[in-house]
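Below: the structure, in structure tokens.
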Amino acid sequence: MQFNFRCPTRIFFGQKCVDKYSSELAALGKKALIVTGGSSSEKNGSLAEMTAALTREGIQVEIFNEVEQNPGLATVYRGGQRAREMGADFIVGIGGGSPLDAAKAVAVLAVNEVSQQDLMAKKWSNEPLPVVAVPTTAGTGSEVTPYAILTVDWAETKMSIAGEKLFPALAFLDGRYLLNLPWAVTVNTAVDALSHSVEGFINNRATPFTDLLALESIRLLGRLLKTLNPDNISLEEREELLYASMLAGMVIAQTATGVIHALGYPLTYFKGLPHGLANGVIMKASLEFMAQDAPDRVQQVVKALGCTNLPEVGEVLTKVLPPVNLKLTAEEAAKFVSKTLQAKNLANCPQRPADKDIYEILKASNLARM
Ligand code: NAP
Ligand code: FE
């Protein structure tokens, strides 16, 4: 047996963990820029609790609350400038994956005045500022990954930057912040987490240790997706979702993602589907493709989900996800296939998909006629 594993992030999980462990923030410096979205962190209490904790530790705080969903480069450059102007020592990301990823890019740009091309090519020389992550969705696992996913208009897609120094230094996971997360966001993000565990489990970079994390996360998510009541999700269930998403993040931090994410990105970029939903609509067909080369692995996923076969997995997903009525034109399908084939995560699949395989996934997912 041989494998590498890293998770340099210190994780604090549980109710009021920001308050309980605020002294950990003091070691990171005297000035913090909080990077967050337009409104949710203000409503769910996370922003106020983090601001209070920082202030109590004698840390000067400024807030940059301009992060949109699927953050673009213009936003993170504005955030980087704010961080430079205030002389920030560290960056605190609060929100879903969008603000957490934006915080990581801001941490790079705060100390590196580089072009967009150089940012995406990781041509920067100064180490990014430390990042603190407070997730308020349960899906991306960004609080424990070394990735920042950004929307890049000149490439007409989403692209990631990855680096050892992009792992957050600290992560605070408190299920209370998710209590009022809308049902659609809850489900879409849970399916994003599921896609991380599923891809991580089937990818050729899987290890015995990531398998352990992935299967536990798939089991939890399989049970929750079948039993959650849209009108009444308990704090305990919110914590389970957050925990499963964190485990899935630890998986992709080692294994990276695969064909589901590669094809999901154009669905988000060109058609505006939320990230988790984009992955969810193509998950069953992608599993059918992966079963050609890794039938045993796919069967283990099916079993961990508490299902007996792939059609049953498809039914669970269709039942829980918002409906998607989307038919790509032949031109669009061709563009999506070519964008997907350029994604670097395809190298992680048990068998690299060819263009016909991507077409087949789109067709089997009811997104394209052919
Ligand atoms: P998101 O884009 O961060 O947020 C979606 C929506 O949910 C926003 O409208 C946000 O409002 C709202 N929201 C967030 N927390 C809430 C709460 N507690 N209560 C009520 N509303 C809340 O969604 P996401 O799915 O978490 O993140 C998606 C992004 O993460 C994508 O760009 C994806 O590519 C990326 N991602 C990153 C990784 C990684 O490893 N780094 C992995 C997978 C995906 P506000 O705007 O007001 O905050
Ligand atoms: Fe994802």
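The values are calculated or read from the model by the stated rules, or taken from the named source; none is laboratory data. Because the structure is a prediction, the values reported are computed rather than measured. Cβ: placed from backbone, ideal geometry, glycine included. Neighbour counts: every protein chain shown.
For region 343-356, state whether one or more residues are within 22 Å of THR257 (Cα to Cα), of a type outside the set (D, E, K, R) and in contact with a Lys or Arg (Cβ under 6 Å, 6 or more places away or on another chain). Can you show your working first?
Pass one, region 343-356, residues within 22 Å of THR257 (Cα to Cα): 343-356.
Okay, now just the ones that are also of a type outside the set (D, E, K, R), so 343, 345-351, 353-354.
Still in the list and also in contact with a Lys or Arg (Cβ under 6 Å, 6 or more places away or on another chain): 346, 348.
Yes, region 343-356 contains at least one residue that is within 22 Å of THR257 (Cα to Cα), of a type outside the set (D, E, K, R) and in contact with a Lys or Arg (Cβ under 6 Å, 6 or more places away or on another chain).
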Selection within region 128-143 - more than 8 Å from ligand 1 (Cβ to nearest atom) and on the phi > 0 side of the Ramachandran plot:
none
I need every pair where a residue in region 63-81 that is closer than 24 Å to ALA48 by Cα has its Cβ under 7 Å from the Cβ of a residue that is among the acidic types (Asp, Glu), sequence separation at least 6 or different chains.
PRO71/ASP101; THR75/GLU66; THR75/GLU68; ARG78/GLU66
Please work out which residue is surrounded by the most Cβ atoms within 10 Å (Cβ to Cβ), limiting yourself to region 252-279 and to residues that are among the β-branched types (Val, Ile, Thr) and either within 9 Å of ligand 1 (Cβ to nearest atom) or under 20 Å from LEU221 (Cα atoms) (or both).
ILE252
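With the structure loaded, tell me whether VAL302 is in contact with an Asp or Glu (Cβ under 8 Å, 6 or more places away or on another chain) and either among the hydrophobic types (A, V, I, L, M, F, W, C) or within 12 Å of ligand 1 (Cβ to nearest atom) (or both) or whether it fails that test. Quick ask: steps written out before the conclusion?
Numbers: in contact with an Asp or Glu (Cβ under 8 Å, 6 or more places away or on another chain): yes; either among the hydrophobic types (A, V, I, L, M, F, W, C) or within 12 Å of ligand 1 (Cβ to nearest atom) (or both): yes.
When the stated conditions are applied, VAL302 passes them.
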Out of GLY276, GLY280, GLY264, GLY306, which single residue is at positive phi and not acidic (Asp, Glu)?
GLY306
Test for VAL35: is it crowded, with 24+ Cβ neighbours inside 10 Å and either within 16 Å of ligand 2 (Cβ to nearest atom) or assigned to a strand (DSSP E or B) (or both)
yes
Looking only at region 206-225, decide whether some residue is of a type in the set (Asp, Glu), outside any helix (DSSP H, G or I) and at pLDDT 95 or above.
no
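Here is a list: GLU237, GLU288. Which entry is surrounded by fewer than 24 Cβ atoms within 10 Å (Cβ to Cβ), in a helix (DSSP H, G or I), over 19 Å from the mean Cα position of the chain (by Cα) and within 16 Å of ligand 1 (Cβ to nearest atom)? Walk me through how you get there before you give the answer.
Working: GLU288 fails: within 16 Å of ligand 1 (Cβ to nearest atom).
Checking each option against the conditions leaves just GLU237.
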Of everything in region 79-127, what is surrounded by fewer than 16 Cβ atoms within 10 Å (Cβ to Cβ) and within 16 Å of ligand 1 (Cβ to nearest atom)? Give them in sequence order.
LYS122
Any residue at all in region 148-171 that's of a type in the set (S, T, N, Q), near ligand 1 (Cβ under 10 Å from one of its atoms) and touching a residue at least 24 places away in the same chain (Cβ under 8 Å)?
yes
All helices (runs of 4 or more DSSP H) inside region 64-143 with 1 or more residues being under 29 Å from ALA190 (Cα atoms) and among the basic types (Lys, Arg)
97-109
So in region 161-188, with the set limited to residues that are within 29 Å of ASN345 (Cα to Cα) and of a type outside the set (A, V, I, L, M, F, W, C), which one is surrounded by the most Cβ atoms within 10 Å (Cβ to Cβ)?
PRO168
Name, by its number, the condition in (1) within 21 Å of the chain's Cα centre (by Cα); (2) among the aliphatic types (A, V, I, L, M); (3) more than 27 Å from TRP183 (Cβ to Cβ); (4) at pLDDT 95 or above that does not hold for ALA343.
(4)
Confirm whether VAL298 is at pLDDT 95 or above, at negative phi and either within 13 Å of ligand 2 (Cβ to nearest atom) or small (Gly, Ala, Ser) (or both).
no
Test each condition in (1) surrounded by fewer than 24 Cβ atoms within 10 Å (Cβ to Cβ); (2) among the basic types (Lys, Arg); (3) touching a Pro at 6+ places or on another chain (Cβ under 9 Å); (4) assigned to a helix (DSSP H, G or I) for LYS158 and report the one that comes out false.
(4)
Quick check on my filter: what residues within region 134-169 are in contact with a Lys or Arg (Cβ under 9 Å, 6 or more places away or on another chain), within 28 Å of LEU235 (Cβ to Cβ) and more than 16 Å from ligand 2 (Cβ to nearest atom)?
PHE167, PRO168, ALA169
Have a look at ASP296, ASP357 and point out the one that is under 23 Å from SER217 (Cβ atoms), of a type in the set (D, E, K, R) and part of a helix (DSSP H, G or I).
ASP296
